[in-house]
1. Let me spell it out: the conditions are (1) away from the ligand (no atom under 16 Å from the Cβ); (2) buried (at least 24 other Cβ atoms within 10 Å of the Cβ), and Glu220 meets all of them except one. Which number is the exception?
2. Out of curiosity, is Val263 buried (at least 16 other Cβ atoms within 10 Å of the Cβ), of a type outside the set (Ser, Thr, Tyr), modelled with pLDDT of 95 or more and within 16 Å of the ligand (Cβ to nearest atom)?
3. Do we have Leu228 as away from the ligand (no atom under 16 Å from the Cβ), modelled with pLDDT of 95 or more and not small (Gly, Ala, Ser) here?
4. Quick check: is even one residue across region 20-29 assigned to a helix (DSSP H, G or I), at pLDDT below 95 and within 16 Å of the ligand (Cβ to nearest atom)?
5. Going by what's in this entry, would Met101 be described as more than 16 Å from the ligand (Cβ to nearest atom), within 23 Å of the chain's Cα centre (by Cα) and crowded, with 24+ Cβ neighbours inside 10 Å?
6. Give me the pairs, please: first residue somewhere in region 247-271 and in contact (Cβ under 8 Å) with a residue 40 or more places away in the chain, second residue anywhere and part of a loop (DSSP other than H, G, I, E, B) and charged (D, E, K, R), beta-carbon distance under 7 Å, and either six or more positions apart or on two chains.
Amino acid sequence: MKITDVKTFLMHVGAPDPQRYATDGGFGAGRFSGNITGTRNWLFVKVYTDEGVTGIGECSGWPRVIETAVQDLKALLIGEDPQHIERLWQKMMTAIMGHGMTGTVGAGALTGLDMALWDIKGKVLGVPVWSLLGGQVRDRVRIYAHANTPEAALSLKARGIKALKCGGVSDPVRRVAALREAVGDDIDLMIDLHGPPWLTPADAVTLARALEPYRLLFIEDPIAPENLDGYRRIRDAAHVPLAAGERMTTIFGLRDLIERELVDVVQPDTGRAGGLTQMKKIAAMAEAHHIMMAPHSGSLGPVAEYAALHLMAAIPNALFLERVEDDWEGRARTVIPHPVSEDGFLRVPDAPGLGVDIDEAFVARFPSQANVSVPITRDSGSYVEGTFDEHVYVQTRLRQARYFGPR
Ligand SMILES: [Mg+2]
């Protein structure tokens, strides 16, 4: 069997309800045609073979740029036997090495192509991808959902969701307190503090200590991802589990986070961490350090969600999978079939390969229009100290009461 072609399918995707998405910033403020808001894109790739078998994959990271990266890598795959996944991954990785360290663009391209190769292999052998990854540890995967208000949290709890995440650095203690008060003690709560603006380690320590009484399952991205020494400071000073890793790629990018045991939960993104080939290895690295996996998928499309289900079926240290329940209404029509959660779980697919395909005609109805998240511009339209509008990556925290509430 030989690879004959690679095609990309890029689409502009709407944003979920802000009450149901754990961030202050959303998916950017742009308004586009067709009732699409935000700058979220999904990129799917298809790998074709001379025997008529095709594989589907998804790339996150910076989809509009990754589309070009995938087209560049295509020349390395044409004529190759798709069953040699590891060799092809190594071939692509060494080809892009000259462009510098592998970030989300390179790894995003590797991810979608790698995912499609696993899909082809499963279809050829007539087995689901989870079988190729070692077989099932579980036949359904627990999910956690996003909720930023007590109302959203209660409606999700009523549907059987057992873990909820809120987000943002605006008044996080009061937000968590309100959610804990609403849902009680039998629901796991988490908070994602991601910036920008990012907290400094000192402020993150203060905040983590203030959150200790609420018994969170974890605090996610308390500080900027490259500040690993800052993670050490927070761990040494506060008794709250930490989670991070959604912006990191490959075993090399996640190595320090795991080997230095800076987190309790590692969150590689199924669409940009380097593919199932890498995710399986990252899971094993984490397992050796008694660290759990909770793959990031807050902005991901439904093909990557399928890939995550196969991975999480097969790894022992799967905590749960992120899911935006009540996502943009077009999500369910983008893939066939579309998974529906039941009582807080997603069932692991049984069909050969990944068990999913995109509806190409539906995807084509939503051409990409922009893909860079534009900070919400408030009244001044420019510099507003200590807010998103300041537009700087590392900020001094001003007006701390805004973050920590009154004493
Ligand atoms: Mg996050």
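The values are calculated or read from the model by the stated rules, or taken from the named source; none is laboratory data. These numbers were taken from a predicted model, which means no experiment stands behind them. All Cβ positions, glycine included, derive from the backbone under ideal geometry; neighbour counts span all protein chains shown.
1. Single failed check for Glu220: (1).
2. Taking the combined requirement at face value, the residue satisfies it.
3. Yes.
4. yes
5. no
6. Thr249/Arg272; Gln267/Glu246; Asp269/Glu246
To keep it simple, each residue is scored yes or no on (1) in contact with a strand residue (DSSP E or B) (Cβ under 6 Å, 6 or more places away or on another chain); (2) outside the structural domain of Glu181 (by TED's automatic domain parsing); (3) surrounded by 17 or more Cβ atoms within 10 Å (Cβ to Cβ); (4) more than 30 Å from Arg174 (Cα to Cα).
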{"position": "Val127", "(1), (2), (3), (4)": "no, yes, no, yes"}
{"position": "Val141", "(1), (2), (3), (4)": "yes, no, yes, yes"}
{"position": "Asn148", "(1), (2), (3), (4)": "yes, no, yes, no"}
{"position": "Ser155", "(1), (2), (3), (4)": "no, no, yes, no"}
{"position": "Ala158", "(1), (2), (3), (4)": "no, no, no, no"}
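Residues checked against (1) among the β-branched types (Val, Ile, Thr); (2) in contact with a helix residue (DSSP H, G or I) (Cβ under 6 Å, 6 or more places away or on another chain):
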| position | (1), (2) |
| --- | --- |
| Val240 | yes, yes |
| Leu254 | no, yes |
| Ile258 | yes, yes |
| Val265 | yes, no |
| Arg272 | no, yes |
